[in-house]
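Read through the structure below, which is laid out as structure tokens, and then see the notes.
The values are calculated or read from the model by the stated rules, or taken from the named source; none is laboratory data. All of these numbers come straight from a predicted model, not from anything done at the bench. Note: ideal-geometry Cβ built from the backbone for every residue, glycine included; neighbour counts use all protein chains shown.
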């Protein structure tokens, strides 16, 4: 099963909303993880969309980035969630475990909202603990732990031996981020992952990644010198790779629409040669035909949508 990990920024959430139909057709293959960064109407309508199609998902109750890191904020959100989704249990509350986490506080919050329900729990392990067995048992006093998601760069693969193997999901940051968009011109193509081919052999029930964004959280707000479009695809060996289509006129931040057209021209030429096609690629073709520049947020959204569709095709 695939667990795409998304921060709840606007265009990441819209990507999920626009893929609802595809996710519903693959609801036995996918379970998005959402770490909310803002209590927005988009977050709520996205969750309601997932619920309307009975799509399983994981919602983080103790986000580590963004505007919802205070207990008060998450309590307000959980009040909406449990009231708005009364009677719906096909999702998991997710808890990020790191060195500074106050487990008692989180367990008290969970007790208030989901004790006695059929809602499961996902633990996202961002650190190793010597007493992890005891910690898991404490959380299971509230409800059953359905998934243990191990961030491999922070725990290591051997850590999975601490858990019921029927619960363990591997999470890795597979995207090779560059410091500047213009730097992707030197890369053109990068390896992403082959975990979808081997995760079961390695003893995991699922795999997770940070899509074509990476684990680094950044607040947008500045104009780039270059526009880069990141497109996932699978090669003949069914390994996932990323093509980077980058603008050429990258000396200043003027004419972002022109930069987008330069990158888009390269993407369309590549798609015409390879016959690569997804729902997101169709949207890029429409923009190329009309000359429309949708904004950089939409470019990011389509990159996310394309990645999820590519992964679902492979599994």
| field | Selection count where residues are under 22 Å from residue 48 (Cβ atoms) and buried (at least 17 other Cβ atoms within 10 Å of the Cβ), scope the range 89-108 | value | 4
| request: Could you please find all residues in the range 110-137 being within 20 Å of residue 75 (Cβ to Cβ) and assigned to a helix (DSSP H, G or I)? | output: 110, 111, 112, 113, 114
| task | Please give the number of the condition residue 50 fails out of (1) in a helix (DSSP H, G or I); (2) over 23 Å from residue 147 (Cβ atoms). | result | (2)
| message | Is it the case, given these coordinates, that residue 306 is without any contact (Cβ under 8 Å) to a residue 12 or more places away in the chain and either buried (at least 21 other Cβ atoms within 10 Å of the Cβ) or part of a helix (DSSP H, G or I) (or both)? | response | no
| message | Taking the conditions exactly as written (part of a loop (DSSP other than H, G, I, E, B), closer than 22 Å to residue 310 by Cα and touching a residue at least 24 places away in the same chain (Cβ under 8 Å)), does residue 245 satisfy them or not? | response | no
| query | Can you tell me which residue in the range 29-41 is nearest to residue 60 (Cα to Cα), limited to those that are modelled with pLDDT under 95 and assigned to a loop (DSSP other than H, G, I, E, B)? | reply | 36
| Flag if residue 259 is modelled with pLDDT of 90 or more and surrounded by fewer than 20 Cβ atoms within 10 Å (Cβ to Cβ) | no
| Is it the case that residue 149 is surrounded by 21 or more Cβ atoms within 10 Å (Cβ to Cβ) and within 19 Å of the chain's Cα centre (by Cα)? | yes
| Just one of the numbered conditions (1) assigned by TED's automatic domain parsing to the domain that holds residue 118; (2) in contact with a strand residue (DSSP E or B) (Cβ under 7 Å, 6 or more places away or on another chain); (3) modelled with pLDDT of 90 or more is not true of residue 181; which one? | (1)
